[in-house]
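One structure is given here, and the rest of the page talks about it.
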Amino acid sequence: MRVVILDTNVLLDLFVFNDFRALHLKEALLARHISALATPKTLEEFADVISRPLFSLDQTAQEKIFTQWSSLAKIIGDEDLQNSPWQCQDPDDQVFLDLAYTHKPCTLVSKDNEVLKFASKAAKEQILITADYTQAL
């Protein structure tokens, strides 16, 4: 089964915006055709982001979205992560690189340029870093 890591912006497309480009990825997650990984830090960031007024989600909607994602992801302890050799300036992004590095081979789907810039280096470690949702399938 393919192992995938989804950054927060991708999760927003899947669970908040219901972006049509992410439909097949969401279907694969729901059908458990792919194995998605998360950590307590990534879950915390996701909860924080979806609670922001920008998204106009009431508490019930936030809880539903968070519970759905949490139930689909395999949770890996933050203390179990290896440090990746690539360093992001944003610690909220670094955890995704560390998670991918720890669980290679895998696919890290991100829309963040700071993460995407490591794609060629990560490929040498059997980590596909991409913004293309179809490559996670």
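With all distinct Cα pairs included, what does the Kirkwood hydrodynamic radius of the range 19-77 come out to in Å, to one decimal, could you say?
12.4 Å
Could you tell me how many degrees, from 0 to 90 and to the nearest 10, lie between the Cα long axis of helix 91-102 and the main elongation axis, the longest principal axis, of the Cα atoms of the chain?
Roughly 60 degrees between the two axes.
Report the local net charge at ALA122: Lys and Arg +1, Asp and Glu -1, summed over other residues whose C-beta lies under 14 Å from its C-beta.
-2
Based only on Cα atoms, what Rg/Rh ratio does the range 74-130 have, Rh being taken as Kirkwood's radius?
0.92
Under the definition of Cα pairs under 8 Å and six or more residues apart, what whole-number percent is the relative contact order of the range 9-137?
It rounds to 25 percent for the range 9-137.
Helix 59-72 against the longest principal axis of the chain: what's the angle in degrees, Cα atoms only, rounded to the nearest 10?
Once rounded, the angle reads 40 degrees.
Determine one quarter of the surface area of the Cα convex hull of the chain, which equals its mean projected area, and express it in nm² to one decimal.
For the chain, the mean projected area of the Cα convex hull comes to 7.6 nm².
Relative to the first principal axis of the alpha-carbon coordinates of the chain, what is the inclination of helix 40-50, with its axis defined by its Cα atoms, in degrees from 0 to 90 and to the nearest 10?
40 degrees
Computed from the coordinates by the stated procedures, all read-outs in this text should not be read as laboratory data. As the structure is a prediction and not an experimental result, all values here were calculated from the model. A quick note on method: Cβ atoms are made from the backbone with ideal geometry, for glycine too, and the neighbour counts reach across all protein chains shown.
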